[in-house]
Amino acid sequence: LYWFAELVNTSGDSAVLDAVLTADIVVNESLTGTPREWTPIGYYKKSTDKVYYSGTFDGAGYTIHGLYYDNTNYNGRNAGLFGILDSNGVVQNLTLADSVINGATDIGGIVSHNYGDVIGCTQSGTVTGIGAAGGIVCRNFGLVEDCVNNGTVTGAATGGIAAENCGELVSCDNAGSVSGTDSVGGIVG
């Protein structure tokens, strides 16, 4: 998983690389002590320093356990399993469990900024942002379909599925705890 993230993040502005999980992945058995830190797949630091993920990442029904991201500094934004999902990008059939994603703003469990398709994904960890945070995606400009948040989401503008939606949310469910200080909603903040 880390190898794939590095491959994507060093491949240029738009990474068209596909992946299919063949088993569950346990990143950290426990999030106590010094857990192994995560760098999101795809990122946006500034207009001249960005990588949008444009491939298909198929979880094939498997689970990634124990993902850990903790950066509340200014550069700790646009974080999740994926940072930026391009309009041709797809993340599907995946569960993210027992994870902690804690950042400054634009924090999503599965994807920070979604311009593509997030389908059949479940998140059951903790997602926290000083600013905007969403259980599945933070900011949705694409499609989020058949996704479930069972985790805890905390931030300013906060949603169980998305903090902000300018795209489509179809057949999604939130059973997790959502709290915030600004725009807060079980599905969309």
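The values are calculated or read from the model by the stated rules, or taken from the named source; none is laboratory data. Just so we're clear, the structure is a prediction, and the values are computed from it rather than from any experiment. When we count neighbours, we look across all protein chains shown, and the Cβ atoms used for this are built from the backbone with ideal geometry, even at glycine. The accessibility values were calculated without ligands, DNA or RNA, using every heavy atom of the protein model including side chains. Shrake-Rupley method; radii C 1.70, N 1.55, O 1.52, S 1.80 Å.
Figures for the structure shown
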item: Antiparallel %, DSSP beta bridges [both residues in segment 1-155], to 5; result: 5 percent
item: GluC sites (Glu not before Pro) restricted to DSSP loop in segment 1-47 with at most 14 other C-beta within 10 Å; result: 29, 37
item: The chain - mean residue ellipticity at 222 nm from DSSP helices (-39,500 (n - 2.57) per run, n ≥ 4, rounded to 500); result: -1000 deg cm²/dmol
item: Probe 1.4 Å - accessible area at residue 36, Å² to nearest ten; result: 130 Å²
item: Loop-resident sites, segment 1-87, for chymotrypsin sites (Phe, Trp or Tyr not before Pro), counting at most 16 other Cβ within 10 Å (DSSP); result: 62, 74
